[in-house]
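The values are calculated or read from the model by the stated rules, or taken from the named source; none is laboratory data. Computed from a prediction, not measured in an experiment: that's the story for all the values here. Every residue, glycine as well, gets a Cβ built from its backbone with ideal geometry; the counts of neighbours run over all protein chains shown. These area figures cover heavy atoms from the full protein model, side chains too; ligands, DNA and RNA do not enter into them. Shrake-Rupley method; radii C 1.70, N 1.55, O 1.52, S 1.80 Å.
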Amino acid sequence: MRVEVDQPKCVASGQCVLVAPEVFDQDDDGIVVLLDTEPGAEHEEAVRESAAICPAAAIRLVQE
Amino acid sequence: MTAAPPRRIVVVGASAAGLSAAETLRRQGYDGSLTLVGREPHPPYDRPPLSKQILDGTWEPERVRLRSPADLDALGLDLRLGVPAAALAPAARTVTLADGTELGYDGLIIATGVRPRRLPGCGTPGVHVLRDLKDALALRERLAAGGRLVVVGAGFLGAEVASAARSLGVAVTLVEPSPVPLAHAVGRQAGAQLARLHRDNGVDLRTGTKATGITTGAGRATGVRLDDGTAVVADDVLVAVGSAPNTDWLRGSGLPVGDGVECDRYGAAAPGVYAAGDVARWYNPLFGTRMRVEHRTNAAEQGMAVARNLLDPERARPFAPVPYFWSDQYGLRVQAFGYLRGHDEARVVDGTPADGRFLVAYRTGDRLTGALGVGMPPRALRPWRAAIAAAADWRTATAGSPDGAAEPSRA
Ligand SMILES: Cc1cc2nc3c(=O)[nH]c(=O)nc-3n(C[C@H](O)[C@H](O)[C@H](O)COP(=O)(O)OP(=O)(O)OC[C@H]3O[C@@H](n4cnc5c(N)ncnc54)[C@H](O)[C@@H]3O)c2cc1C
Ligand code: SF4
């Protein structure tokens, strides 16, 4: 599983950080920072949930 | 009582909450029929950019799509766009669409959102509201031409439009009946700072003033009349005076409808019937109160929560979120966690309002119930969100914070 974030779309809500803190963080302006572009299977559920609740549709999962 | 698992689910409202519900149903393994009904002709799209990047022209309209066509296809939906639901019969478990189609369901999720409140004269050319993409594109076209705009209502929506219009060089008059904009929501101090932001950016802000009507000439709006007898002349008028839940189609259904669809703590309004997003009013056990919030993140979270509860009512979990809201004005980001309405006290606990960067904490009873940051980094807000989620006591939460700026809000 690969994760992509669209930083210009991110609205700094921090929802992803609450759900998957091992995968996402925020910079000083609140914009999403990807800590792990290919998180392991143990994070998959949390990453899916983050993508689903992200209010900016800024997170995408790419299944390879 | 164990009911048979649902095989036919209908979601009414194809926007943030409805999409989130549909996606969650599939993610939870639901493989029965899933019908998503939407009044608008567009596939699900996002509204917050409408008053921001769409209005100021930095985004093209395609960017507001919430999902790619491929992702949407993968959900295996029976997608009915461009046709509203017109009636609900909970006893027969059917939804009737405006084109006469009758859809039977085992489970129903209502996510029909809200619509703008209007003023008399709202149908006149030159008078705008802002809720959907069509509204945004019509207003954008007018703003791109420069000119003069009067915005009626200085809530978050009115404020964002004023900000976008100023960035395009439009002359803006902002009319607001209360003495301090947003004071009922965020407190007087924060409201006063947001008001200052408008003035610093060249907006003619008229507080304590009510717009009493639209003035017209040659079949077009020419501005608004004010209750002090004067008038504001403008090329366009935006009416941003709040919204009303889209529950008309539920009239006669017997479903409990007040200020929105009235739900229990699980988001249920009747057996097998749930509501989510701006249209839903539910009991939030974290705050011990019924609430209806018009926030983007709540729509997604509630859509998700009710989808899970619908699939597994016996293990239903109460929906007890810390509401979150943001707004962008003049390049500054406002962020709020919790339930600020009806607060007893608002106190600046970090930063300096005069510098335009500050954090306000809200007390209701003896609890910390909210926090609002203007121009603050996420690190500054996170501990406050955690304290709100833990239902922290006010004294404990604010110990060590300055208390010189306390402000009783119910004068
Ligand atoms: C301009 C603008 C800016 C915003 N900015 C922010 C912001 O910065 N931050 C924030 O937190 N929130 C913001 N919001 C609020 C946020 O967009 C909403 O909370 C969110 O869209 C709610 O989603 P929803 O799915 O519940 O309702 P909606 O998005 O209103 O969707 C409801 C859908 O149901 C459809 N519908 C209505 N009646 C029927 C029917 N009878 N049959 C079928 N379909 C029907 C509607 O056409 C609509 O497509 C903003 C809203 C607007 C309009
Ligand atoms: S949830 Fe989405 S909008 Fe919020 S910080 Fe993460 S990426 Fe940005």
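A few remarks follow.
- For the range B:10-54, the candidate set comprises residues that are over 28 Å from B:ALA162 (Cβ atoms) and polar (S, T, N, Q); within that set, the residue that is most open to solvent (accessible area, probe 1.4 Å) is B:GLN28.
- Single residue of B:ASP278, B:ASP264 found to be closer than 28 Å to B:TYR339 by Cβ and assigned to a loop (DSSP other than H, G, I, E, B): B:ASP264
- Residues that are open to solvent by 20 Å² or more (accessible area, probe 1.4 Å), modelled with pLDDT under 95 and not in a helix (DSSP H, G or I), drawn from the range B:352-393: B:THR352, B:ARG357, B:MET376, B:PRO377
Residue-wise test of (1) in contact (Cβ under 8 Å) with a residue 40 or more places away in the chain; (2) buried (at least 24 other Cβ atoms within 10 Å of the Cβ).
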residue: B:HIS128; (1), (2): yes, no
residue: B:LEU133; (1), (2): yes, no
residue: B:GLU141; (1), (2): no, no
residue: B:GLY147; (1), (2): yes, no
residue: B:VAL151; (1), (2): yes, yes
residue: B:ARG199; (1), (2): no, no
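- Every listed requirement among (1) free of Cβ contacts under 8 Å to residues at least 24 places away in the same chain; (2) closer than 13 Å to B:GLY107 by Cβ is met by B:LEU34 save one, (1).
- Residue count for the range B:333-350 under the criterion of being within 11 Å of chain A (Cβ to nearest Cβ) and either surrounded by fewer than 21 Cβ atoms within 10 Å (Cβ to Cβ) or aromatic (Phe, Trp, Tyr) (or both): the result is 2.
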